[in-house]
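K.L.:
Quick one: structure below, then a few questions.
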Amino acid sequence: MQRKHFVKYLTIIAFVINFNSFAQHNEHETQHEEKDLKTEIKEEIQHHLQDSHDFTFFSDKEKGKHYGISLPVILWDNGLQVFSSGKFHHGETVAENNGNYYKLYHNKIYKTDAEGTISYDEAHHPTNAKPLDFSMTKSVVMMIVTGLLMFLIFGGLAKSFGKGPIPSGVGRFFEPIVLFIRDDIAIPNIGDPQYKKYMPYLLTIFFFVWFLNLFGLTPLGVNVTGNIAVTFALALLTFIITQISGNKNYWKHIFWMPGVPPLMKIVLAPIELLGVFIKPFALMIRLYANIMAGHVVLMSIIGLMFVFQNWVGSSMTFLLAFALSILELLVAALQAYIFTMLSALYFGFAVEDHEHEHSESH
């Protein structure tokens, strides 16, 4: 949001407070301006939460200019269509490529005509054709950046062990975390030696989620793990690995539980089968909801700094936003830890050898 824009609103509010003789006339104007300001704040929050085809650092709304980085748009529409998202001008214009016209509407690309016509059904949903979209959105870019960052960090950590038992450089910070995941997450929940084949996935998922959560707290305006499509994909990976790893005891305890009367087995089997899908669903929702809620609360508190009518309220809001930002750093690591811990727990259920345990107890 433009700073001058906020100063204008705050000036109007101060004018109403200081000149009470014009209270009735100015009160109506102030309420109208505050309503516009709150609407603008809500729009900025929604824009931050959604994925987009560009990185926008700041905008000059009076001149209609946006400053940032445009990302490539990759569509399949009777052939491959590749062009820069800058042609959309943040949804304000129609993009033309190879004689085809496309319109960016609510962050989705629709095929249209030269005038940018969007048709609607009775429920006011667009009926225009949507080409297959393989575009490089900012979420995709941040996932690629995170993957490359992890490759560089842990590639260097692995090479440092070839020089001696003690890692060097940034590896000294990450080695204790790797050992923590092995000794306090993988081994207790999966068991030794079964944990070894799951360590690559557990390490990858922990640092991938953690780094993305941290990037979400930067001014880049990315909300990758607050996107339910991303958390769904991560939870799906855990689900697939769990089902592939399941031994006969795992499936036996789902469909025909030992030591349970036959009638109860028939009743419990559908419940246990439902639990197979509820577990990854809980993984997906927990990460998505916590990260998205954190972004909404933090940006709402920052927006309150421009709504308060005095420096005391704005200062207190700034301190609250700062304290919440520190708390979000903890939440970023905590959510990565919980996702990794529950994944290891599900893997442990899949590979647990119940018959071996029964023989040892006898």
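The values are calculated or read from the model by the stated rules, or taken from the named source; none is laboratory data. On a predicted model such as this, the values are computed, not experimentally measured, just so you know. Here Cβ is always computed from backbone atoms with ideal geometry, including for glycine, and neighbour counts include all displayed protein chains.
Here's the yes/no breakdown for (1) under 34 Å from the mean Cα position of the chain (by Cα); (2) in a helix (DSSP H, G or I):
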site	(1), (2)
Lys252	no, yes
Met257	no, no
Val267	no, yes
Pro270	yes, yes
Leu274	yes, yes
Ile285	yes, yes
Tyr288	yes, yes
Ser300	yes, yes
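K.L.:
Could you tell me which of the residues Lys108, Lys103, Lys87, Lys63 is modelled with pLDDT under 85 and more than 23 Å from Thr218 (Cα to Cα)?
P.N.:
Numbers: Lys108 fails: modelled with pLDDT under 85; Lys103 fails: modelled with pLDDT under 85; Lys87 fails: modelled with pLDDT under 85.
Result: Lys63 is the single residue among Lys108, Lys103, Lys87, Lys63 that is modelled with pLDDT under 85 and more than 23 Å from Thr218 (Cα to Cα).
K.L.:
Could we say that Ala332 is modelled with pLDDT of 85 or more, within 30 Å of Glu40 (Cβ to Cβ) and out of contact with any helix residue (DSSP H, G or I) (no Cβ under 9 Å at 6 or more places or on another chain) here?
P.N.:
On the way: modelled with pLDDT of 85 or more: yes; within 30 Å of Glu40 (Cβ to Cβ): yes; out of contact with any helix residue (DSSP H, G or I) (no Cβ under 9 Å at 6 or more places or on another chain): no.
No: the conditions fail for Ala332.
K.L.:
Another question about this same structure. Kindly establish whether Gly171 is more than 25 Å from the chain's Cα centre (by Cα), surrounded by 18 or more Cβ atoms within 10 Å (Cβ to Cβ), over 30 Å from His53 (Cβ atoms) and free of Cβ contacts under 8 Å to residues at least 24 places away in the same chain.
P.N.:
yes
K.L.:
From (1) under 28 Å from the mean Cα position of the chain (by Cα); (2) in contact (Cβ under 8 Å) with a residue 24 or more places away in the chain, pick out the condition that doesn't hold for Asn128.
P.N.:
Status for Asn128: all satisfied but (1).
K.L.:
Condition first: under 29 Å from the mean Cα position of the chain (by Cα), exposed (fewer than 14 other Cβ atoms within 10 Å of the Cβ) and aromatic (Phe, Trp, Tyr). Can you find one or more residues in the stretch 140-158 that meet it?
P.N.:
Yes: one or more hits.
K.L.:
Do you know which residues across the stretch 95-132 are assigned to a strand (DSSP E or B), farther than 30 Å from Val209 by Cα and either among the basic types (Lys, Arg) or not assigned by TED's automatic domain parsing to the domain that holds Leu80 (or both)? So that I can check it myself, show each step before the final result.
P.N.:
Initial filter on the stretch 95-132 (assigned to a strand (DSSP E or B)): 95-97, 100-105, 108-112, 120, 126, 132.
From what is left, the residues that are farther than 30 Å from Val209 by Cα are 95-97, 100-103, 110-112, 120, 126.
Result: Lys103, Lys111.
K.L.:
It is to be established whether one or more residues within the stretch 148-170 are among the aromatic types (Phe, Trp, Tyr) and more than 30 Å from Tyr201 (Cα to Cα). Full working, then the answer.
P.N.:
Filtering the stretch 148-170 down to residues among the aromatic types (Phe, Trp, Tyr) leaves 151, 154, 161.
Imposing the further condition that a residue be more than 30 Å from Tyr201 (Cα to Cα) reduces the set to none.
No, because not a single residue in the stretch 148-170 is among the aromatic types (Phe, Trp, Tyr) and more than 30 Å from Tyr201 (Cα to Cα).
K.L.:
Related question: Does Ser135 meet the test of being of a type in the set (Ser, Thr, Tyr), assigned to a loop (DSSP other than H, G, I, E, B) and under 27 Å from Ile291 (Cβ atoms)?
P.N.:
On the way: of a type in the set (Ser, Thr, Tyr): yes; assigned to a loop (DSSP other than H, G, I, E, B): yes; under 27 Å from Ile291 (Cβ atoms): yes.
Yes; evaluated as a whole, the condition is true for this residue.
K.L.:
Would you please list the contacts, defined by Cβ atoms under 9 Å and residues six or more apart or on different chains, that run from a residue in the stretch 209-229 that is free of Cβ contacts under 8 Å to residues at least 12 places away in the same chain to a residue that is part of a loop (DSSP other than H, G, I, E, B) and surrounded by fewer than 22 Cβ atoms within 10 Å (Cβ to Cβ)?
P.N.:
Ala229/Asp51
K.L.:
If you don't mind, another one. For Ile240, state whether it is under 16 Å from the mean Cα position of the chain (by Cα), among the aliphatic types (A, V, I, L, M) and assigned to a helix (DSSP H, G or I). Reasoning before the result, please.
P.N.:
Numbers: under 16 Å from the mean Cα position of the chain (by Cα): no; among the aliphatic types (A, V, I, L, M): yes; assigned to a helix (DSSP H, G or I): yes.
Considered against the rule, which asks whether it is under 16 Å from the mean Cα position of the chain (by Cα), among the aliphatic types (A, V, I, L, M) and assigned to a helix (DSSP H, G or I), Ile240 comes out as no.
K.L.:
For residues in the stretch 252-283 being over 19 Å from Gly348 (Cα atoms) and aliphatic (A, V, I, L, M), which is surrounded by the most Cβ atoms within 10 Å (Cβ to Cβ)?
P.N.:
Residue satisfying both the conditions and the ranking: Leu268.
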